[in-house]
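These notes concern the structure reproduced below.
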Amino acid sequence: MSINKTFFGIAIVLGFSLSANAQQITGFYPKDKAKEESIEKDYLKAVNYEQFKVHLMELTKAPHIAGTAENEAVAAYMTKVMKDAGMDVTSYPYDVYLPNKPGESLLEIIIPDKMTLSQQEGPIEGDPFSIDPRLHKGFNAYSGSGDVISEVVYANYGVKADFEKLAEMGVDLKGKVVIARYGGNFRGYKAKFAEQYGAAALIIYTDPKDSGSGKGDVYPDGPFYNETTIQRGSLLTLDYTGDPLTPFEPALPLDGDKQVKRLDPKDVAFHSIPVSPIGYGAAKEILSRMKGSSVPEGWQGGLPFDYKVTGGADLKVRVKVEQPVDYIRANNVVGKFVGSEYPDEWIILGSHYDAWSFGATDPNSGTAMMLILAEAIGELVKNGEGPKRSILIGHWDAEEQGVIGSTEWVEQFKDELGAKAVIYMNFDSAVSGRNFGVSAAPTLKNLIIEASKEVAYPDSAKSVYQVWAGKNEEPRIGNLGGGSDHIGFYMYAGVPSMSGGSGGTSAYHSNYDNFHYYSKFVDPTFKMGGTVASVIGILALRLANATIIPYDVPRYAQDLRLHFDNAVTSVKEIDPSFTSFGKVDAAIVKLKASSEAYESSMNAALASGKFSDKEIHALNKGLISLEKSWIDPKGMYFGSWYRSLYVSTDPFSGYASWILPGIKYEVETKSTKRLEEWDTRYAKAILDLSKKVDKMTKSLK
């Protein structure tokens, strides 16, 4: 494998950093740390920065929405690259129920003047991808079908509070066409709330104030949305994730040996109203003709006129959507480097590969990054430095329509994942700019921080860690929410998860998310792909090679104390007489003592270097089981599929992270009737976690 010459110099300099930080490599015997440092140096040298660009060009040469021949070609390419790197590669097929074409759609102003509104991005001079005849017009998957002509109401971002405000103002939405701007929540909830309040159709647009001319120069002169740019996306808002016809079960092939029971589509709560996205150039034609009352404070967008709430009888708009939904074959492609010592303990990396168009940033920057990571680890394997635990790389299909491919795989292998999965790392759009960032489960946060110290940030004398931290003492690490393939692993199967990479401004879900845009505005140097692969590879190797899985066990109690303090504050806002979650408080004190005792005993035991194979196996099995303490079969009241007591997606926005979701739901619905129940359920989970930690500590003594 060729080595990027610029980075080769960086890797040698970083060798001193590796030695200096040796004490931060946790989970290893002291005698094994030097070997791990050597492996990491070899890995950094093997990461081929230039190959990232080669892979990205190949992956994004054609639009490749799920269920198309072009998407199958992407799967074949990934399969070849991983096999050439020495991975065992398996394809997992599913027949899932989804729309992958816009069908027939039409948007028109009927009164006062008939005007057809654009539903397609315009051609861009110098961007050959923008005129590809295979590009679809803008559409929202799982729109209802219908043909509506009606008056218009502007609903700001279409979040729950916006619809409540309209009701407070006495604005009747029954039978109306609602127009709302992207932002604030998952687009599907805009449709859900519009439907609940009686609207007959919904138009969604990106306002220039949020991602357009109000932010800076627009494409092709700058990275921001031009007036024709359209954000596509799914609308699916069921109370479970994955294939809509097979909740809790994998959508196995219809022609396969094993059949699963599927729901009748008529019995699934799909949206019934037609929904269509447009650019702000088309939205301007509607909004500029509205003559009603002025909008509430904060509702004004970036178009050059005063926004109005209603259009009145003198403005009527037609929204027509006939969107076909049927079964398509989705294929997950999973490669594996089999571990030399602990093959049944899995380090899993993943990203989807299907896209709304070319997918240069979303998702295939992550795909290309994982391919060069696989090739670099393949070099280690060839040189006899393969991982001790198995490293799996999953490329998931049909994510864009509702995080479907990964969810079906998790549902199919949930028992195996519960027993074997050490971590899931998600890299959807992982190289979408120059700003490094991560969201993660508590036990993984310190591991990510330490890995980021070992890699130079491009065109800088600083490490990734230093640039990431900025002026802060330590980098900020977020909590995982919704919107991508970590959901099933973390919130359903209880696998500690993270999602990260480098981000920035993108042509999100538009036809302009292509290689030309990427090379001009996302990362013209093409250095961030190798940088992210370097950080993540070190993290993966440390987890794969450590004698004892190096989770930060004390971080559970630390983060829980903070989250429950915040929860108490939130509950007091709806019930001033509330004092505390007493059972939980006692359980956190117990967990804190347990985890500190474990850490002390583990450090002493590793320093002594005396573990039997049986003890190592038992300890790692115990560590893998820790996150499962949060998995409650009863699940959440807003959806029993969401089984983690610790974290879920926000059921009112779809994207945000809900920590302690059981309590959060009570607060959001202004209810206090289940607080005692949640005190009991959370305390039980925390004490179960503490009991597992105590058991491991006892075995160390």
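The values are calculated or read from the model by the stated rules, or taken from the named source; none is laboratory data. This is a predicted model, so every value here is computed, not measured. Cβ: placed from backbone, ideal geometry, glycine included. Neighbour counts: every protein chain shown. We work out accessible area using only protein heavy atoms, side chains counted, and drop any ligands, DNA or RNA first. Shrake-Rupley method; radii C 1.70, N 1.55, O 1.52, S 1.80 Å.
Quick notes on this structure:
- Inter-probe distance in nm under a simple model that places probes 7 Å from Cα toward Cβ, at residue 579 and residue 617: 5.0
- Table column - 3J(HN,Hα) (Hz), region 126-137, Karplus curve with 6.51, -1.76, 1.60, x for Gly and Pro: x, 10, x, 5, 5, 10, 4, x, 7, 6, 8, 5
- Compared with the alpha-carbon gap, the fully stretched path from residue 519 to residue 684 is longer by 54.2 nm at 0.36 nm per residue.
- Sequence of 271, 136, 55 when ordered by accessible area, the most exposed leading, probe 1.4 angstrom: 136, 271, 55
- Couplings 3J(HN,Hα) of region 82-94, computed from phi: 5, 5, 4, 7, x, 8, 7, 10, 10, 9, 10, x, 9 Hz, in residue order, whole Hz [Karplus 6.51 cos²θ - 1.76 cosθ + 1.60, θ = phi - 60°; x for Gly and Pro].
- Peptide ranges 455-465, 340-350 listed from the most packed, as the mean C-beta count within 10 angstrom indicates: 340-350, 455-465
- Long-range Cα-Cα pairs in region 361-442 (distance over 19 Å), rounded percent: 51
- For the chain, share of DSSP beta bridges that run antiparallel, in % to the nearest 5: 60
- Here region 554-701 is treated as a sphere whose radius is the Kirkwood value from Cα pairs; by Stokes-Einstein at 37 °C and 0.692 mPa s it diffuses with a coefficient of 199 µm²/s.
- The length gained by stretching the chain between residue 294 and residue 565 to full extension, at 0.36 nm per residue less their Cα-Cα distance, is 93.5 nm.
- From helices alone, the chain scores -11500 deg cm²/dmol at 222 nm; the rule is -39500 (n - 2.57) for each run of n ≥ 4 DSSP H residues, then divide by the residue total.
- A simple spin-label model places pseudo-atoms 7 Å from Cα toward Cβ; at residue 326 and residue 164 they are separated by 4.3 nm.
- Base-10 log of normalised Debye intensity for region 104-148 (one unit scatterer per alpha-carbon) at q = 0.13, 0.15, 0.16 Å⁻¹: -0.44, -0.56, -0.62
- Once the C-beta distance of residue 255 and residue 32 is scaled by a Förster radius of 45 Å, the resulting FRET efficiency is 0.35 to the nearest 0.05.
- Cut-off 14 Å between beta-carbons: net charge of the residues surrounding residue 327, Lys and Arg +1, Asp and Glu -1: -4
- Placing unit charges on the Cβ atoms of the charged side chains and taking the dipole of region 315-414 about its Cα centre, the candidate lying farthest along the positive direction among 380, 356, 398 is 356.
- In this simple spin-label model, placing a label point 7 Å from the Cα along the Cα-to-Cβ direction at both residue 340 and residue 640 gives a separation of 4.7 nm.
- Accessible surface ranking that places the most exposed of 110, 131 first, with a 1.4 angstrom probe: 131, 110
- Column: log10 I(q)/I(0), Debye, Cα scatterers of the chain, q = 0.09 Å⁻¹: -0.80
- Straight-distance crosslink candidates among lysines, where the alpha carbon sits under 16 Å from residue 336 and sequence neighbours closer than 8 are dropped: 80, 83, 382, 388, 420
- Lys, Arg +1 and Asp, Glu -1 on Cβ, resulting dipole of the chain about Cα centre, debye, nearest 20: 1360
- Whole-Hz Karplus values for region 531-547 come out as 5, 5, 4, 5, 5, 5, x, 4, 4, 5, 5, 5, 5, 6, 9, 4, 4 Hz, taken residue by residue from phi with 6.51 cos²θ - 1.76 cosθ + 1.60 and θ = phi - 60°; glycine and proline positions read x.
- log10 of Debye I(q)/I(0), alpha-carbon scatterers only, for region 455-559 at 0.16, 0.24 Å⁻¹: -1.04, -1.43
- Across every direction, the projection of the convex hull enclosing the Cα atoms of region 162-262 has a mean area of 9.9 nm².
- Pairwise FRET efficiency - residue 132 versus residue 699, Cβ, R0 = 51 Å, nearest 0.05: 0.30
- The stretch between residue 691 and residue 120 holds 199.8 nm of extra length on full extension. This uses 0.36 nm per residue minus the Cα-Cα distance.
- Residues with amide H under 5 Å from that of residue 497, placed H, sequence gap 5 or more: 424, 441
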